[in-house]
Amino acid sequence: MSHASPPVRRVTDWDFDQLSALAAEHDTPLYVVDLDRVAANYERFAAAFPDAHVMYAAKAHTGRAVLETLLDAGADIECAARGELQRAIGAGADPDTLQYTAVNPPDADLDYAAELGAEHPGLTVTGGARDTFDRLEARGYDGRVAIRINPGIGTGHHEKVATGKDAKFGIPYDEVVELADDLRERFDLVGLHAHMGSGVLHDDLDDHCRAIGKVADLAREVTAETGVDLEFVDFGGGFGVPYREDEEPLDVETVGEKVREAVGELDAQIKLEPGRYVVADAELILTEVNTVKETPEATVVGVDASLATLIRPAMFDSYHPIANVSAPDRELEPVSVGGPCCTSADVFCTDRPIARPEREDLLAIGNAGAYGYELANQFHSQPRPAEVAVEGDETRVVRRRESMDDVTRVEREAPSAEEGDRRR
Ligand SMILES: *Cc1c(COP(=O)(O)O)cnc(C)c1O
């Protein structure tokens, strides 16, 4: 199988001839996802945790082709919203295997979960506030639940993802035993859950494992104090990938050993739910250079991708590798690459050495699989890009490019549009 897959795929490892052909056929900006790499990443991760139950956290990339690939590879799916549950089921997931992590869930999401759970008792709902459990009970839900814990330790690549120490997420550590004692009377309490942060690499691993150890301690305490035999303890996702060229990938075997060591003796099954790790390096964005402007301060390279295509640099100051697919061998020149949006946040890099871009060159922005298309938007009335999947020797469009018609449809179909142009 693909266990021999390399632990990291750099943007320069892609087949540039194939990328040029895809851009010529499908236009730019274009998302290109390698489904074989998605499957290989999942398999490598799961192999490093042989006794754990590894789910895929759908929110990193909910594209149907990705979900189908992971279901085929044997992954179960973790969802954090009603729409993700619906899309997982649409891609073929058995609802009895789904896990729904509810964060300040809107009524419609809980209505849906309660209905789904009534028909599919295998569904597990994870709550991180007492209100969520009360609201579930009010909907007649008495099925499987897990308690999301706030371990008080957050980890990851940016403070905006360090969920483990953010009061928004989970029940305060010291209140979990009491809540467990209450919930076991009202539901089928099957697990504890924690998600500490995202983008954890080697430097953060000790903190991450410390948080995992705290959660495992709490699981033992819950069982000792309340007598509940927990079926699982879920330590969330958060496993990072190297975005910078000089960063080393996680050695997942070592991570597997460290996690097991941090957990210690535990009767419950270990669950993990990586998102980013599975999809990040399996996708890139192709974008065309339309402007090269020399100024006293910088060489500014304008491209047709923007923060509407990939918002991570603007939102998290994220680094994404960029390669010149048309001319990888040109001499390196420090350039700033940005898109057509009228904000200074619309930059992919500043003064970064790239094989000197010229107008009409094709650039690849790497590691765009996680929270890439997922966070794409229509700022500046830009239709969202197409997505092409590569699988073996085949390529196929898995999301067509949006049109202006898609962008304006919700206005044209608004009830007031049908009343006529009263306001004009
Ligand atoms: C976002 C999220 C994940 C996945 O995080 P990654 O950093 O992408 O691995 C897993 N579990 C929960 C509950 C999440 O919210």
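The values are calculated or read from the model by the stated rules, or taken from the named source; none is laboratory data. What you see is a predicted model, and the numbers here were worked out from it, not measured in a lab. Positions of Cβ are generated from backbone atoms using ideal geometry, with glycine treated the same way; all protein chains shown enter the neighbour counts. When the accessible area is computed, the model is the full protein with side chains, heavy atoms only, and any ligands, DNA or RNA have been set aside. Shrake-Rupley method; radii C 1.70, N 1.55, O 1.52, S 1.80 Å.
So how many residues does the range 161-199 have that are more than 12 Å from the ligand (Cβ to nearest atom) and not hydroxyl-bearing (Ser, Thr, Tyr)? Within the range 161-199, residues that are more than 12 Å from the ligand (Cβ to nearest atom) and not hydroxyl-bearing (Ser, Thr, Tyr) number 23. If you check Arg10, Arg37, Arg82, Arg64 for being open to solvent by 20 Å² or more (accessible area, probe 1.4 Å) and in contact with a Lys or Arg (Cβ under 8 Å, 6 or more places away or on another chain), only one passes: Arg64.
From the list Ala262, Ala268, Ala314, the lone residue that is of a type in the set (A, V, I, L, M), in the same structural domain as Thr350 (by TED's automatic domain parsing), open to solvent by less than 60 Å² (accessible area, probe 1.4 Å) and more than 16 Å from the chain's Cα centre (by Cα) is Ala314.
Quick grid of which residues meet (1) free of Cβ contacts under 8 Å to residues at least 60 places away in the same chain; (2) farther than 30 Å from Glu265 by Cβ; (3) out of contact with any strand residue (DSSP E or B) (no Cβ under 8 Å at 6 or more places or on another chain); (4) not in a helix (DSSP H, G or I):
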residue: Thr12; (1), (2), (3), (4): no, yes, no, no
residue: Gln18; (1), (2), (3), (4): no, yes, no, no
residue: Tyr42; (1), (2), (3), (4): no, no, no, no
residue: Ala46; (1), (2), (3), (4): yes, no, no, no
residue: Ala65; (1), (2), (3), (4): no, yes, no, no
residue: Leu85; (1), (2), (3), (4): yes, yes, no, no
residue: Thr101; (1), (2), (3), (4): no, no, no, yes
residue: Glu115; (1), (2), (3), (4): yes, yes, yes, no
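Is it the case, given these coordinates, that Ala370 is within 16 Å of the ligand (Cβ to nearest atom), surrounded by 18 or more Cβ atoms within 10 Å (Cβ to Cβ) and of a type in the set (A, V, I, L, M)? Yes: the conditions hold for Ala370.
Might you check whether a residue that is over 20 Å from the mean Cα position of the chain (by Cα) and of a type in the set (Phe, Trp, Tyr) occurs anywhere in the range 373-385? Yes: the range 373-385 contains one or more residues that are over 20 Å from the mean Cα position of the chain (by Cα) and of a type in the set (Phe, Trp, Tyr). With respect to the stated conditions, Glu333 fails to be touching an Asp or Glu at 6+ places or on another chain (Cβ under 9 Å), of a type in the set (D, E, K, R) and assigned to a strand (DSSP E or B). Give the range 48-63 a look and list any residue that's farther than 30 Å from Glu265 by Cβ and within 14 Å of the ligand (Cβ to nearest atom), or say none. If the condition is that a residue be farther than 30 Å from Glu265 by Cβ and within 14 Å of the ligand (Cβ to nearest atom), then Ala58, Lys59, Ala60, His61, Thr62 are the ones that fit. Considering the range 256-299, and only residues there that are in contact with a strand residue (DSSP E or B) (Cβ under 7 Å, 6 or more places away or on another chain) and part of a helix (DSSP H, G or I), the residue that is farthest from the ligand (Cβ to nearest atom) turns out to be Val263.
What are the residue pairs meeting all of these: first residue in the range 329-355, first residue closer than 10 Å to Ser306 by Cβ, second residue among the aromatic types (Phe, Trp, Tyr) and in a strand (DSSP E or B), Cβ atoms under 8 Å, and 6 or more apart or on different chains? Matching pairs, first to second residue: Gly338/Phe348; Gly339/Phe348.
Okay, residues lined up against (1) more than 16 Å from the ligand (Cβ to nearest atom); (2) touching a Ser or Thr at 6+ places or on another chain (Cβ under 7 Å); (3) of a type in the set (Val, Ile, Thr):
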position: Gln18; (1), (2), (3): yes, no, no
position: Tyr31; (1), (2), (3): yes, no, no
position: Ala75; (1), (2), (3): no, no, no
position: Ile89; (1), (2), (3): yes, no, yes
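In the set (1) surrounded by 22 or more Cβ atoms within 10 Å (Cβ to Cβ); (2) hydrophobic (A, V, I, L, M, F, W, C); (3) farther than 23 Å from Arg44 by Cα, Val292 fails one condition alone, (1). All of Phe348, Phe379 fail the test of being surrounded by fewer than 22 Cβ atoms within 10 Å (Cβ to Cβ) and aromatic (Phe, Trp, Tyr), apart from Phe379. Among the residues of the range 124-143, the one identified as surrounded by 22 or more Cβ atoms within 10 Å (Cβ to Cβ), away from the ligand (no atom under 14 Å from the Cβ) and part of a loop (DSSP other than H, G, I, E, B) is Tyr141.
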